[in-house]
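Asks: Sharing a structure below in structure tokens format, with a few things to ask.
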Number of protein chains: 2
Amino acid sequence: MKVFENVEADKLNQVLERPSLNFSRVEKIVTPILEKVKRGGDRALKKFALEYDHVELKDLWVSEEELKAAHDVVGDSLKRSIDVAKTNILRFHEAQKVQPLEMEVMPGVHCSRRSIPIRRVGLYIPGGTAPLFSTVLMLGIPARIAGCDEIILSSPPNNLGEINPIVLYAADLLGITKVIKLGGAQAIAAMAYGTESVPRVDKIFGPGNQYVTVAKQLVARDTVAIDMPAGPSEVMVVVDGDSKASFAASDLLSQAEHGIDSQVVLVSTSREKAEKVIKKIKKQLTDLPRKHIAEKALRGSVAIIVNSKKEMLNVIDSYGPEHLILLLKNAHEIAGKVSNVGSVFIGPYTPESFGDYASGTNHTLPTNGWANAYSGVSLDSFLKKITYQEVSKKGLKKLGPVVQELAEAEHLYGHKNAVSIRLRSLQND
Amino acid sequence: MKVFENVEADKLNQVLERPSLNFSRVEKIVTPILEKVKRGGDRALKKFALEYDHVELKDLWVSEEELKAAHDVVGDSLKRSIDVAKTNILRFHEAQKVQPLEMEVMPGVHCSRRSIPIRRVGLYIPGGTAPLFSTVLMLGIPARIAGCDEIILSSPPNNLGEINPIVLYAADLLGITKVIKLGGAQAIAAMAYGTESVPRVDKIFGPGNQYVTVAKQLVARDTVAIDMPAGPSEVMVVVDGDSKASFAASDLLSQAEHGIDSQVVLVSTSREKAEKVIKKIKKQLTDLPRKHIAEKALRGSVAIIVNSKKEMLNVIDSYGPEHLILLLKNAHEIAGKVSNVGSVFIGPYTPESFGDYASGTNHTLPTNGWANAYSGVSLDSFLKKITYQEVSKKGLKKLGPVVQELAEAEHLYGHKNAVSIRLRSLQND
């Protein structure tokens, strides 16, 4: 972990630079996969399963028996823990419901706005080294609250054609029974374009590797929405002279173990404290099973010493971290002032792990600096807001002449005429 | 206008097919423009202004004098009409504010969510045949309500280096004083990457031609968000045996006059009524100044006869129109059931023009079938929602063991350790 101090404003972006995805290189690999699924449908999907997941799939879908069997594999204690997480996530996302907006904007002009569920959504759950059942909860719960008609979950199988049972258990717990055994760009293509057995969806959610990320961005050109552009996971931990170095070290490591491209940044008001944190990292690292991953991630990580509150805020907002952990005395004050961040963890007893699993907030958050313009996934991500308007005769008489004048000023006489013809019809009223 | 009846469900998409944008072709033209602006900055921008707008720009920015002068050019009556529109749009968008969400999800676990303005936004206003000052209102008003720090407006100048005075007046009225004389893909590049004189923004809004549309999608890969993917404007007008054919015709024409690629669809429960509407279109067309545009747009348009409410709803949701005009007796019932639509116009006295200018709803809406997953622009489009969590000692003791178990089940021991180390620190409490 490199330590920087007195970083000038124009150097900050350089110090905090993230590794950039070589979009064109990945695009060259992903585009033919998308094309093949578009043309070949299920047959292409099975071929890719053989090629990438080393499994000959008879059926792309998880059977009812497989879903049931998952309940027997997951232990009772884990089931109870999943229930606690589910309850908290449900509670916080239920509270995000908004009432329909209805108002008479001016006499006779009624406008309203209502939230309507997106009909068909696809949730992508990566496979690989960790079974991310927590992501099933984070995407599935708001999808259920929103009331989406059709929820498809896609996750890559192992070479026996099985999806991790905890992932299946979490899906079934939420009533998500349409689960397909597909991973990678081909899974994204199947949900974006549809095949004989996979229905086309309206919006695709979920994290993934660079192929999944690029596939999502490419299909997003063709009438499929995506949750957000993605990048490697990130944490920024902010400490002062009084923070517990061991807490900060554990938070930085919990991010570093995610993947070798994980982004880990320490911000400290004290050089001494930063050095203590770095020492603690080295100590804690030795006991970590995913040590080899964390070590590589830490090589690219930085610590920045800041000399004022203003500099601290500037470092945070310039970077725009996915997760911001404030191990500070004045954590509340700083939390109230930051602008570019996905989710904020306040005080000594709130490690990122709480948000990752069970505090109730969503863990699908903007990475790669996207926190400057994107929000994390929430109930809103599964809804559309439609506006409605109804103008009465009275409203037409009052607002009609205004619209006529505005349309004429834009040289749109057809727009004006749609009003004029209606106003004329009222002349005999 | 071609008339279809008894369209089978699987043929519907074919009948309602929209012209598709040749993304790759346009990308080949746009990519070098983006690159040149990225590398050449202001000099490249001035060169493009000379090449495309045929004007030698000394200053890219509209001066204070130009903004002031616009007030003298716009007549008092138009000013009053703009004021009415502004008031209605302001009212409906102010009402979209939501209170911060705060809750104790379980004892000692506090979660909250707050709306934070996106700091820097860029509004693109097309030039061309019509001065779209209404779009200045539709984008500028929610940006002001949200409280964005920096609002940049970009619009192409004429060959005298001037932007339409009504556009400037509307901008100044909203307190938007940073206006740049730039159009096309180069304007999008300037706001996305920043140049010596144009600041980089976090999100770009606004309609435009295919070059602008593709430029927005391309820059959206690089840490600039966009409002939504765009396509030609659309209307679907639904009539029954009792609807006024002349009203329907005027609404279809007000869309057709937008551009030769405008999409115009009539849905009718009665073949007779559909034929009447088509006759009225021919009659009304003769008086329209933009007749040549509307005629071309109408060539690609269709009328669909439906035989049941179910079929009607299926046609509407399959198409997913930007604007849906319900000239129906049971307009309210249908409005309550449609799912894929940008904005709904209910009843005989609510032409699309009202929403385009002054009812209060936003006119920046999803086109090209994106209504299946996107909402129109609203106050939300200028905000991010950040989540916060704070866990007390009590909360840590209660929820900590749950998170430990969940992290372990995902094989993420670093995540578990961030909790364990904190739980251990409480043992002496």
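The values are calculated or read from the model by the stated rules, or taken from the named source; none is laboratory data. Computed from a prediction, not measured in an experiment: that's the story for all the values here. All Cβ positions, even for glycine, are placed from backbone atoms using ideal geometry, and neighbour counts span all protein chains on display. Only protein heavy atoms, including side chains, enter the accessible area calculation; ligands, DNA and RNA are left aside. Shrake-Rupley method; radii C 1.70, N 1.55, O 1.52, S 1.80 Å.
Asks: Residues of segment B:364-378 being buried (at least 22 other Cβ atoms within 10 Å of the Cβ) and either touching a His at 6+ places or on another chain (Cβ under 9 Å) or free of Cβ contacts under 8 Å to residues at least 60 places away in the same chain (or both), which ones?
Replies: B:365, B:371, B:372, B:373, B:375, B:376, B:377
Asks: Taking the conditions exactly as written (over 14 Å from residue B:170 (Cα atoms) and more than 11 Å from chain A (Cβ to nearest Cβ)), does residue B:117 satisfy them or not?
Replies: Answer is no for this residue.
Asks: Moving to a separate point now. When residue A:80 is evaluated against the numbered criteria (1) closer than 30 Å to residue A:376 by Cβ; (2) of a type in the set (Lys, Arg); (3) buried (at least 16 other Cβ atoms within 10 Å of the Cβ), which criterion, by number, is the only one it fails?
Replies: Tallying (1) closer than 30 Å to residue A:376 by Cβ; (2) of a type in the set (Lys, Arg); (3) buried (at least 16 other Cβ atoms within 10 Å of the Cβ), residue A:80 fails exactly one: (3).
Asks: Which of the residues belonging to segment B:347-356 are farther than 15 Å from residue A:394 by Cα and either open to solvent by 10 Å² or more (accessible area, probe 1.4 Å) or not assigned by TED's automatic domain parsing to the domain that holds residue B:254 (or both)? Quick ask: steps written out before the conclusion?
Replies: Narrowing segment B:347-356 to residues farther than 15 Å from residue A:394 by Cα: B:352-353, B:355-356.
Within segment B:347-356, just B:356 meets the criteria.
Asks: Out of everything in segment B:306-354 that is out of contact with any Asp or Glu (no Cβ under 9 Å at 6 or more places or on another chain) and of a type in the set (Asp, Glu), what residue ends up being farthest from residue B:84 (Cα to Cα)?
Replies: Ranking the candidates gives B:311 first.
Asks: Also: Looking only at segment A:90-114, count how many residues are more than 9 Å from chain B (Cβ to nearest Cβ) and within 16 Å of residue A:377 (Cβ to Cβ).
Replies: Matching residues across segment A:90-114 total 4.
Asks: Related question: Please work out if residue B:393 is facing chain A (nearest Cβ under 7 Å), more than 30 Å from residue B:146 (Cα to Cα) and open to solvent by 20 Å² or more (accessible area, probe 1.4 Å).
Replies: Numbers: facing chain A (nearest Cβ under 7 Å): yes; more than 30 Å from residue B:146 (Cα to Cα): yes; open to solvent by 20 Å² or more (accessible area, probe 1.4 Å): yes.
The answer is yes for residue B:393.
Asks: Determine, yes or no, whether residue B:421 is out of contact with any Phe, Trp or Tyr (no Cβ under 9 Å at 6 or more places or on another chain), among the β-branched types (Val, Ile, Thr) and open to solvent by less than 50 Å² (accessible area, probe 1.4 Å).
Replies: Spelling it out, it is not the case that residue B:421 is out of contact with any Phe, Trp or Tyr (no Cβ under 9 Å at 6 or more places or on another chain), among the β-branched types (Val, Ile, Thr) and open to solvent by less than 50 Å² (accessible area, probe 1.4 Å).
Asks: Could you grab me the full set of residues in segment B:118-143 that are within 12 Å of residue B:382 (Cα to Cα), assigned to a loop (DSSP other than H, G, I, E, B) and open to solvent by 10 Å² or more (accessible area, probe 1.4 Å)?
Replies: The one that is within 12 Å of residue B:382 (Cα to Cα), assigned to a loop (DSSP other than H, G, I, E, B) and open to solvent by 10 Å² or more (accessible area, probe 1.4 Å): B:119.
Asks: Additional query: Before we move on, is residue A:350 part of a loop (DSSP other than H, G, I, E, B), closer than 17 Å to residue A:13 by Cβ, touching a strand residue (DSSP E or B) at 6+ places or on another chain (Cβ under 6 Å) and β-branched (Val, Ile, Thr)?
Replies: no
Asks: Considering each residue of segment A:230-247, count those that are under 19 Å from the mean Cα position of the chain (by Cα) and open to solvent by 10 Å² or more (accessible area, probe 1.4 Å), and give that number. Even if it seems obvious, please write down each step before you answer.
Replies: Filtering segment A:230-247 down to residues under 19 Å from the mean Cα position of the chain (by Cα) leaves A:230-236.
Filter once more, keeping what is open to solvent by 10 Å² or more (accessible area, probe 1.4 Å): A:230-233.
Of the residues in that region, 4 qualify.
Asks: Here is a further query. Condition test on residue A:152, is it in a strand (DSSP E or B) and of a type outside the set (Asp, Glu)? I'd like the intermediate steps shown before the answer.
Replies: On the way: in a strand (DSSP E or B): yes; of a type outside the set (Asp, Glu): yes.
So residue A:152 fits the description; yes.
For every residue, the table says whether it meets (1) under 29 Å from residue A:421 (Cβ atoms); (2) basic (Lys, Arg); (3) not in a loop (DSSP other than H, G, I, E, B).
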residue: B:333; (1), (2), (3): yes, no, yes
residue: B:337; (1), (2), (3): yes, yes, no
residue: B:340; (1), (2), (3): yes, no, no
residue: B:389; (1), (2), (3): no, no, yes
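Asks: Same structure, new question: Take residue B:411 and decide whether it is part of a loop (DSSP other than H, G, I, E, B) and without any contact (Cβ under 8 Å) to a residue 12 or more places away in the chain.
Replies: Against the criterion (part of a loop (DSSP other than H, G, I, E, B) and without any contact (Cβ under 8 Å) to a residue 12 or more places away in the chain), residue B:411 qualifies.
Asks: Now for a different question. Suppose we filter segment B:370-416 for residues that are polar (S, T, N, Q) and touching a Pro at 6+ places or on another chain (Cβ under 9 Å); how many remain?
Replies: Pass one, segment B:370-416, residues polar (S, T, N, Q): B:372, B:375, B:378, B:381, B:387, B:389, B:392, B:404.
Now narrow it down to the ones that are touching a Pro at 6+ places or on another chain (Cβ under 9 Å): B:372, B:375, B:378, B:381, B:392.
Residues that pass the stated criteria total 5.
Asks: Name every residue in segment A:194-229 that is away from chain B (no Cβ under 12 Å), within 27 Å of residue A:325 (Cα to Cα) and open to solvent by 10 Å² or more (accessible area, probe 1.4 Å), in order of residue number.
Replies: The answer is A:207, A:208, A:209, A:210.
Asks: Inside segment A:248-261, can you point out the residues that are surrounded by fewer than 23 Cβ atoms within 10 Å (Cβ to Cβ) and either within 20 Å of residue B:404 (Cβ to Cβ) or within 12 Å of another protein chain (Cβ to nearest Cβ) (or both)?
Replies: A:259
Asks: Still on this structure, I have one more. Could you run through segment A:80-133 and say how many residues are within 15 Å of residue A:386 (Cα to Cα) and either of a type in the set (Gly, Ala, Ser) or not assigned by TED's automatic domain parsing to the domain that holds residue A:192 (or both)?
Replies: Matching residues across segment A:80-133 total 2.
Asks: For segment A:37-77, what are the residues that are surrounded by fewer than 17 Cβ atoms within 10 Å (Cβ to Cβ), of a type in the set (Gly, Ala, Ser) and more than 19 Å from residue A:179 (Cβ to Cβ)?
Replies: If the condition is that a residue be surrounded by fewer than 17 Cβ atoms within 10 Å (Cβ to Cβ), of a type in the set (Gly, Ala, Ser) and more than 19 Å from residue A:179 (Cβ to Cβ), then A:40, A:75, A:77 are the ones that fit.
Asks: If you don't mind, there's one more thing I want to ask. Return yes when residue A:111 is surrounded by fewer than 24 Cβ atoms within 10 Å (Cβ to Cβ) and in contact (Cβ under 8 Å) with a residue 40 or more places away in the chain and no when it is not.
Replies: Considered against the rule, which asks whether it is surrounded by fewer than 24 Cβ atoms within 10 Å (Cβ to Cβ) and in contact (Cβ under 8 Å) with a residue 40 or more places away in the chain, residue A:111 comes out as no.
Asks: Right, next: Quick check, is residue B:380 more than 7 Å from every other protein chain (Cβ to nearest Cβ) and either under 13 Å from the mean Cα position of the chain (by Cα) or modelled with pLDDT under 95 (or both)?
Replies: yes
Asks: How many residues does segment A:379-390 hold that are open to solvent by less than 10 Å² (accessible area, probe 1.4 Å) and either more than 16 Å from residue B:337 (Cα to Cα) or among the small types (Gly, Ala, Ser) (or both)?
Replies: Number satisfying all stated conditions: 2.
Asks: For residue A:160, only one of the following conditions fails: (1) part of a loop (DSSP other than H, G, I, E, B); (2) within 22 Å of residue A:365 (Cβ to Cβ); (3) hydrophobic (A, V, I, L, M, F, W, C). What is its number?
Replies: Looking at each condition in turn, residue A:160 falls short on (2).
Asks: For residue B:30, work out the one condition from (1) in contact (Cβ under 8 Å) with a residue 12 or more places away in the chain; (2) farther than 30 Å from residue B:179 by Cα; (3) not charged (D, E, K, R) it doesn't fulfil.
Replies: Status for residue B:30: all satisfied but (2).
Asks: Of the residues that sit in segment B:264-280 and are surrounded by 24 or more Cβ atoms within 10 Å (Cβ to Cβ) and within 14 Å of another protein chain (Cβ to nearest Cβ), which one is nearest to residue B:296 (Cα to Cα)?
Replies: B:264
Asks: Let me ask another. Among the residues that make up segment B:275-289, is at least one of them within 26 Å of the chain's Cα centre (by Cα) and without any contact (Cβ under 8 Å) to a residue 60 or more places away in the chain?
Replies: The first filter runs over segment B:275-289 and keeps only residues within 26 Å of the chain's Cα centre (by Cα), leaving none.
Within segment B:275-289 (the criterion being within 26 Å of the chain's Cα centre (by Cα) and without any contact (Cβ under 8 Å) to a residue 60 or more places away in the chain), the answer is no, since none of the residues qualifies.
Asks: Pull up segment B:163-187, narrow it to residues that are charged (D, E, K, R) and not in a helix (DSSP H, G or I), then point me to the one that is farthest from residue B:64 (Cα to Cα). First the steps, then the outcome.
Replies: Here is the first cut: in segment B:163-187, the ones charged (D, E, K, R) are B:172, B:178, B:181.
Narrowing further to those that are not in a helix (DSSP H, G or I): B:178, B:181.
On the way: B:178: 9, B:181: 14 Å.
So, considering only residues that are charged (D, E, K, R) and not in a helix (DSSP H, G or I), the one farthest from residue B:64 (Cα to Cα) is B:181.
Asks: Does residue A:303 meet the test of being touching a residue at least 60 places away in the same chain (Cβ under 8 Å), over 20 Å from residue A:370 (Cβ atoms) and in contact with a strand residue (DSSP E or B) (Cβ under 7 Å, 6 or more places away or on another chain)?
Replies: Values: touching a residue at least 60 places away in the same chain (Cβ under 8 Å): yes; over 20 Å from residue A:370 (Cβ atoms): yes; in contact with a strand residue (DSSP E or B) (Cβ under 7 Å, 6 or more places away or on another chain): yes.
Taking the combined requirement at face value, the residue satisfies it.
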